[in-house]
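Data first, discussion second: the structure below is written as structure tokens.
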């Protein structure tokens with residue numbers, strides 16, 4: 001299947017000039033998982049900013065061993081290698097920072113209003129009740145320091161239908177806008193937004209910024225799936241980026257897991 005929006009390397013390189021991603025984008029027609037490949041390249045010494053884009057993934061992965069449906073030429077499947085030299089405790093900021101970048105890029109390219117694009121803590125982008133993008137961060141460490149982090153981002157672009165067994169109903173940008181959204185424009189906007197987030201990183205500001213674009217982090221009844229299986233009403237993010245949940249037994253901090261309505 002030919003890509004409906006083929007990439008133009010020279011256009012991408014020009015748009016990314018001045019960022020660590022310029023000249024560091026590696027494009028594959030088919031790959032198992034861009035995140036797996038990026039982690040392998042990190043071990044081989046690949047530099048900060050190395051990015052891996054695939055037309056199709058045959059073993060795409062999401063959080064908690066969920067698979068990411070990666071139909072050929074239907075989405076943006078990207079993994080970005082960073083070498084942030086941060087402590088393990090600071091890893092929580094990376095999916096949140098990436099979520100801000102994905103939200104901004106989708107808004108810029110599609111023209112959707114900011115409140116039409118929702119962020120479900122910690123790593124999902126939704127339009128209405130349907131998931132349009134997901135984020136998976138994986139890291140390599142040494143002596144409790146992060147030596148390499150891979151931010152995997154999958155965004156549904158051209159899909160018209162999805163497998164029936166997905167944990168969250170899915171949608172695509174084409175379905176939501178009635179347009180054929182350009183993969184190249186979205187890729188450029190995403191990497192520019194990610195560069196802006198990295199350059200101006202301010203952990204203290206992220207919780208408020210997440211709350212401004214998310215209907216999930218305050219005043220919503222949810223169930224938490226994962227090691228902390230709880231239900232309650234979300235009560236905002238704490239200064240470390242973790243979710244507060246008001247339960248029948250009091251206020252609990254959620255450090256891992258996913259959210260569902262309820």
Asserting the computed 222 nm helical MRE of the chain (DSSP H runs at least 4 long, -39500 (n - 2.57) per run, divided by residue count, to nearest 500) equals -7500 deg cm²/dmol
For Rg and Dmax of the Cα atoms in Å, with candidates (i) 25.9, 82; (ii) 19.3, 60; (iii) 17.6, 57, the value calculated from the shown model is option (iii)
Relative contact order of the range 216-261 (C-alpha contacts under 8 Å, at least 6 apart) in percent is 38
Taking Cα atoms, the helix 183-199 axis meets the longest principal axis of the chain at an angle in degrees (rounded to 10) of 60
In this structure, the FRET efficiency calculated for residue 17 and residue 85 from their beta-carbon separation, with R0 = 22 Å, to the nearest 0.05, is 0.35
With contacts defined as alpha carbon pairs under 8 Å and 6 or more residues apart, what's the relative contact order of the range 143-212 in percent? 21
Using alpha-carbon coordinates, inclination of helix 34-43 to the longest axis of the chain, degrees: 80
Just 144, 123, 24 to compare: in a GNM of the chain, with alpha carbon springs under 10 Å, which one fluctuates most? 144
Simple spin-label estimate for residue 145/residue 177, 7 Å along Cα→Cβ, in nm, reads 4.1
With Cα coordinates, the longest principal axis of the chain makes an angle with the long axis of helix 93-110, in degrees rounded to 10, of 60
Which whole-number percent gives the relative contact order of the range 9-211, counting Cα pairs below 8 Å spaced six or more residues apart? 22
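Every number here is computed from the coordinates shown, using simple stated rules; none is lab data. Everything numeric in this text was worked out from a predicted model, so none of it was measured. When we count neighbours, we look across all protein chains shown, and the Cβ atoms used for this are built from the backbone with ideal geometry, even at glycine.
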